[in-house]
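The values are calculated or read from the model by the stated rules, or taken from the named source; none is laboratory data. Just so you know, these numbers come straight off a predicted model, no measurement behind them. Quick reminder, even Gly has a Cβ in these numbers, built from the backbone with ideal geometry, and neighbours come from all protein chains shown. Side chains included, ligands, DNA and RNA excluded: accessible areas come from the protein's heavy atoms. Shrake-Rupley method; radii C 1.70, N 1.55, O 1.52, S 1.80 Å.
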Amino acid sequence: MSDSTGRYLISGAGLGAGSGTDLLIEDGRIAAVGAEAAGSNAEVIDASGLIALPGLVDMHTHLREPGREDAETVETGSAAAAQGGFTAVHAMANSSPVADTAGVVEQVHHLGLRAGWVDVRPVGAVTIGLEGQRLAELGAMAGSRAGVRVFSDDGICVADPLLMRRALEYVKAFDGVIAQHAQEPRLTEGAQMNEGAVSAVLGLAGWPAVAEESIIARDVLLAQHVGSRVHVCHVSTAGSVELIRWAKQRGIKVTAEVTPHHLLLTEDLVHSYDPVYKVNPPLRTDADVQALRAGLADGTIDVVGTDHAPHPSEAKDCEWAQAAMGMTGLETAVSVVQQTMVDTGMLDWDAVGRIMSTGPAAIGQVPGQGRPLAVGEPANITLVDPSARRQVEPSAMATKGRNSPFAGRELPGAVIATFFGGHPTVLDGRLNTPVQEAAAWSK
Amino acid sequence: MRHLLSTSSLSHADSVGVLDVAEEMAAVGQREVKKLPALRGRTVVNLFFEDSTRTRTSFEAAGKRLSADVINFAVKGSSVSKGESLKDTAQTLEAMSADAVVIRHPSSGAPHRLASSGWIDAAVLNAGDGTHEHPTQALLDAFTLRRHAAQLAGRSSSGTDLTGMRVAIVGDVLHSRVARSNLWLLKTLGAEVTLVAPPTLLPVGAHAWPCTISYDLDETLRGGVDAVMMLRLQAERMNQAFFPSTREYSRSWGFDEARLAALQSAAGDTVILHPGPMNRGLEISAAAADSDRSLILDQVRNGVSVRMAALYLLLSGEHHRGTADVQTTQKGTST
Ligand SMILES: [Zn+2]
């Protein structure tokens, strides 16, 4: 995945705690680091004051294609990802048709190659049609050209304990992982927001924390019983953090993700009844937000996943109960992580690389992603300016979705450049061009 | 007041002010000519996404007595399921230059959306939204209680609040917009509130509310209350495991004849309210509803006066100025 003519010298970028290093990019790889990189004949990117991170990998993205191209396409969604500093995304399976066959995951993978903005890694459905009745052809998807390793019915919980047990066991054959959307369905029928003090006043049906926590408790015990690994999507409650911490202490193979919006926003925003704040799982309390940050800081929560969920405006331009759930997140993720974790002193930028690149790449087994910024490694690199401040303006985003809960907020940090396989998909903070070779490969 | 969406945002002065204007409006209702010219040339739309002949009729009478042009706009359930209909409808009403929109909607927060989304410029009056609030019901209940208390004390109700009054709200609090609006308003007006319900029909989070919570109706009644507000119970809740049977519910939380008899034999002037429509024999017995302690018909009657006051205050700017205007107008029309 190289830009054959492209030689780039990233000059003076901060690497983690270190300062001012040069990185030479050549033939899609990091050709030299430090003094050896300097002085070579290449297009120079002045990166003084910027942080260089391994290209970000999103654990949880909804690209909507096939089926809901009015909401997002692989092209617009993956461009949004590049703009947000990502070089790979996991595309969730709840498209139409559902990504539950080798054919659909190969189609999504192909669309990703053709778009050329990031590595699009399809997630396969656990059950046929996300219906929770019969296992989808997990092996066929794993063996397809898409090479699926993450399986999820996301949007819907694999609620049947026997089916969940079997899925966890079955994917061991190809070292897959089940990513669970933990939501006990009976406890959340008609649920509109977090159940608690605010839902009581607003008269909105509650989505209780126990509906998430009871599924996580069950699933970590199942994973222990059958010796499988399980990944928990978008952890949203303090109790879930406690359960996962307990499971990890017992040696259970569990990983977990948190979304940027759950790190920053609380249910108090729902007082406005503005559906831009409607999301699943719902925004919780400040105590939950603090517990999620602490869990991310101490490693209980492994990664950040945006749960980027674009919707057409009419899906939000209505009453709360009728509105769709979900928020966009790709183009604000780094900024929210900086504000909640870095600027608070809870994590340094090295750790941001771990939770937003190395960690998600490892869970999803994404080849060539989440690698150290070292000689010979693929040149997937994100440059962030931590001193920038910007007003979030959804209409200026690359995603089709205008449903950003951060609209109008001032957030710190900006993605200045994204290198995907040595090619700058983002330069000077703006989308540049996609990788062209990818299209050739796909033919 | 720009909009009337909830009683939780009404100050003490606002609340007493609305009730005082409602008293003025009630006085108009006693006259031979029941109409005031106050809202002549103004358009009030009753936008009902949910059937409620009672509430709609009450608002319609209120608007007409103030000489407003009243338009009833009913939206059928089938078009509500299409999400954008609230916005579309709002823009239609905006094109009709509605000055006030009285909205009844099955979704909590729909009036809020209408008022804050910029779809429409009109004043928005919440006539009941989902399981959130029903502010004019609470105002008419407060009006009814205030009059009752004034009558007992032999004084005028004007300018008074409900300080020291003990009110029990009984039944399905979880799904009741009436209970929420009443709780906030009764607290603002100085009353002490006890919510009585089976634990399944109280919201998680209600423990933080400014009231006492009880699961035992008899104990609450024995403790002495000045008013009991019975909430409507939908029998279908039984199928969602909120309670085992309507019979068991009635026995524990219904205002049945035994409880009425106990009340009659005790001292005290406890009165009974119900927002209607009643399920006689379920949450309230026919004998209780029709007893001399029942203020249920007063509630219906007072509804028009309170809604006149709300419309009048929303469409004529400031409170005290509004009150003064009513008085002048009355003088003017009675000569
Ligand atoms: Zn999900």
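Kyte-Doolittle cut-off 0.0, length cut-off 24 Å along the helix's own axis using Cα: show which whole DSSP H helices in chain A pass. Kindly include the intermediate steps, with their values, before the conclusion.
Working: long enough: A:209-226 (26 Å, 0.77).
Span-like helices in chain A: A:209-226.
Which angle between 0 and 90 degrees, to the nearest 10, do you get for helix B:85-95 versus the longest principal axis of chain B when only C-alpha atoms count?
Between helix and principal axis, roughly 40 degrees.
For the charge dipole of the protein assembly as shown, defined by +1 on Lys and Arg C-beta atoms and -1 on Asp and Glu C-beta atoms about the Cα centroid, which residue among A:ALA217, B:ALA26, A:LEU111 has the Cα displaced farthest towards the positive pole?
B:ALA26
Set the Förster radius R0 to 22 Å, insert the Cβ-Cβ distance between A:GLU242 and A:ASP348 as r into 1/(1 + (r/R0)^6), and round the FRET efficiency to 0.05. Spell out each step's value before the answer.
Details: r = 25 Å, r/R0 = 1.14.
E between A:GLU242 and A:ASP348, to the nearest 0.05, is 0.30.
Counting Lys and Arg as +1 and Asp and Glu as -1, what is the net charge of the other residues whose Cβ lies under 13 Å from the Cβ of B:LEU221? Before the final figure, lay out the partial values.
On the way: positive: B:ARG166, B:ARG222, B:ARG259, B:ARG293; negative: B:ASP216, B:ASP218, B:GLU219, B:ASP226, B:ASP256.
Around B:LEU221, the surrounding residues sum to -1.
Please identify the trypsin sites (Lys or Arg not before Pro) of segment A:51-145 that satisfy two criteria: DSSP loop assignment and at most 12 other Cβ atoms within 10 Å. Which are they?
Numbers: sites: A:ARG64, A:ARG68, A:ARG114, A:ARG134, A:ARG145; in loops: A:ARG64, A:ARG68, A:ARG134, A:ARG145.
Answer in residue order: A:ARG134, A:ARG145.
So what are the ³J(HN,Hα) numbers for segment B:234-239, from phi and the Karplus equation (6.51, -1.76, 1.60; θ = phi - 60°), rounded to whole Hz, Gly and Pro as x?
Running phi through 6.51 cos²θ - 1.76 cosθ + 1.60 with θ = phi - 60° gives 8, 4, 5, 4, 4, 6 Hz.
Once each part is reduced to its C-alpha centroid, what is the distance from segment B:162-229 to segment A:257-281 in angstrom?
31
Roughly what would the spin-label model give for A:LEU431 and B:ARG155, points 7 Å off Cα along C-beta, in nm?
7.1
Taking a ≥ b ≥ c as the square roots of the Cα gyration tensor eigenvalues, with a/c under 1.5 meaning rounded and otherwise prolate when a/b beats b/c, else oblate, which class fits the protein assembly as shown? The partial results should precede the final answer.
Working: a/c = 2.69, a/b = 2.02, b/c = 1.34.
Prolate shape, in that a/c is at least 1.5 and a/b is the bigger ratio.
Multiply the residue gap between A:GLU314 and A:GLU43 by 0.36 nm, knock off their C-alpha separation, and tell me the result in nm, one decimal place.
Numbers: separation 271, 0.36 × 271 = 97.56 nm, distance 4.45 nm.
Using 0.36 nm per residue and subtracting the Cα-Cα distance, I get 93.1 nm.
Just to confirm my numbers, what's the Cα centroid distance between segment B:14-79 and segment A:94-147 in Å?
Between the Cα centre of segment B:14-79 and that of segment A:94-147, the gap is 58 Å.
For B:ALA13 and A:ASP160, what is the calculated FRET efficiency with R₀ set at 51 Å and r taken between the beta-carbons, to the nearest 0.05? Could the numbers behind the result be given before it?
On the way: r = 57 Å, r/R0 = 1.12.
E(calc), rounded to 0.05, equals 0.35.
Helix B:296-315 versus the longest principal axis of chain B: what angle, 0 to 90°, nearest 10, using Cα atoms?
Once rounded, one gets 30 degrees.
Rounded to the nearest 5, what % of DSSP beta bridges with both residues in chain A are antiparallel?
On the way: 28 of 57 bridges.
The antiparallel proportion sits near 50 percent.
Taking a virtual spin label 7 Å from the Cα of B:SER265 along the C-beta vector, which residues in segment B:227-257 bring their backbone nitrogen under 17 Å of it?
B:256-257
Compare the Cα positions of B:GLY224, A:SER152, A:GLY190 along the charge dipole of the protein assembly as shown (+1 at Cβ of Lys, Arg; -1 at Cβ of Asp, Glu; about the Cα centre) and return the one farthest towards the positive end.
B:GLY224
Averaging sequence separations of C-alpha pairs under 8 Å and six or more residues apart, then dividing by the length of chain B, give the relative contact order as a whole percent.
Values: 628 pairs, mean separation 72.6, N = 335.
Computed over chain B, the figure is 22 percent.
Set the Förster radius R0 to 25 Å, insert the Cβ-Cβ distance between A:SER272 and B:VAL204 as r into 1/(1 + (r/R0)^6), and round the FRET efficiency to 0.05. Present the calculation step by step, with values, prior to reporting the outcome.
Values: r = 22 Å, r/R0 = 0.86.
My answer for the efficiency is 0.70.
So what's the net charge close to A:ALA333: Lys and Arg +1, Asp and Glu -1, counting the other residues with Cβ under 11 Å from its Cβ?
On the way: positive: none; negative: A:ASP58, A:ASP307, A:GLU331.
So the environment of A:ALA333 carries a net charge of -3.
Only Lys, Arg, Asp and Glu count, each charged at its Cβ (+1, +1, -1, -1), so figure out the dipole size of segment B:135-298 about its Cα centre, rounded to 20 debye.
Details: 15 positive and 17 negative charges, 63 e Å.
The calculation lands at about 300 debye.
Calculate the dipole size of segment A:329-440 relative to its Cα centre from +1 charges on Lys and Arg beta carbons and -1 charges on Asp and Glu beta carbons; express the result in debye to the nearest 20.
On the way: 8 positive and 10 negative charges, 60 e Å.
Around 280 debye, computed over segment A:329-440.
Report the label-to-label distance for A:ALA173 and A:ARG186 in nanometres (one decimal), using points 7 Å from each Cα along the Cα→Cβ vector.
With each label placed 7 Å out from Cα toward Cβ, I get 3.2 nm.
If you take the square roots of the eigenvalues of the alpha-carbon gyration tensor of segment A:379-436 and sort them as a ≥ b ≥ c, do you get rounded (a/c under 1.5), prolate (a/b over b/c) or oblate?
On the way: a/c = 2.97, a/b = 1.52, b/c = 1.95.
It comes out oblate by the Cα gyration axes.
Assign unit charges at the C-beta atoms only (+1 for Lys and Arg, -1 for Asp and Glu), then state the dipole size of chain A relative to its Cα centre in Debye, rounded to the nearest 20.
Values: 32 positive and 52 negative charges, 167 e Å.
Computed charge dipole of chain A: roughly 800 debye.
Of the options B:TRP119, A:ILE301, B:SER176, report the single residue whose Cα projects farthest towards the positive end of the charge dipole of the protein assembly as shown (beta-carbon charges: Lys, Arg +1; Asp, Glu -1).
After comparing all options, I get B:SER176.
Can you classify segment A:55-364 as rounded, prolate or oblate using the Cα gyration tensor, where a ≥ b ≥ c are the square roots of its eigenvalues, rounded means a/c under 1.5, and otherwise it's prolate if a/b beats b/c and oblate if not? It would help to have the intermediate numbers written out before the result.
Numbers: a/c = 1.23, a/b = 1.14, b/c = 1.08.
Because its axes are fairly even, with a/c under 1.5, segment A:55-364 counts as rounded.
Quick check: pseudo-label points 7 Å beyond the Cα along Cα→Cβ at A:GLN290 and A:ARG250, how many nm apart are they?
The answer from the label model is 2.8 nm.
Around A:VAL426, under 13 Å between beta carbons, what's the net of Lys plus Arg minus Asp minus Glu among the other residues? If you can, show how the numbers build up before the last one.
On the way: positive: A:ARG430; negative: A:GLU331, A:ASP385, A:ASP428.
Net local charge, A:VAL426 excluded: -2.
Scan chain B and hand back the longest stretch that contains none of the trypsin sites (Lys or Arg not before Pro) lying in DSSP loops with at most 11 other Cβ atoms within 10 Å. Intermediate results must be reported in sequence, preceding the final value.
Numbers: sites that count: B:ARG2, B:ARG40, B:LYS76, B:ARG155.
Longest site-free region, per DSSP loop and neighbour criteria: B:156-335.
Taking the solvent-accessible surface of protein heavy atoms with a 1.4 Å probe, what is the per residue accessible area of segment A:55-364 in Å²? Numbers along the way, then the final one.
Values: 9150 Å² over 310 residues.
Roughly 30 Å² per residue, with all protein chains present.
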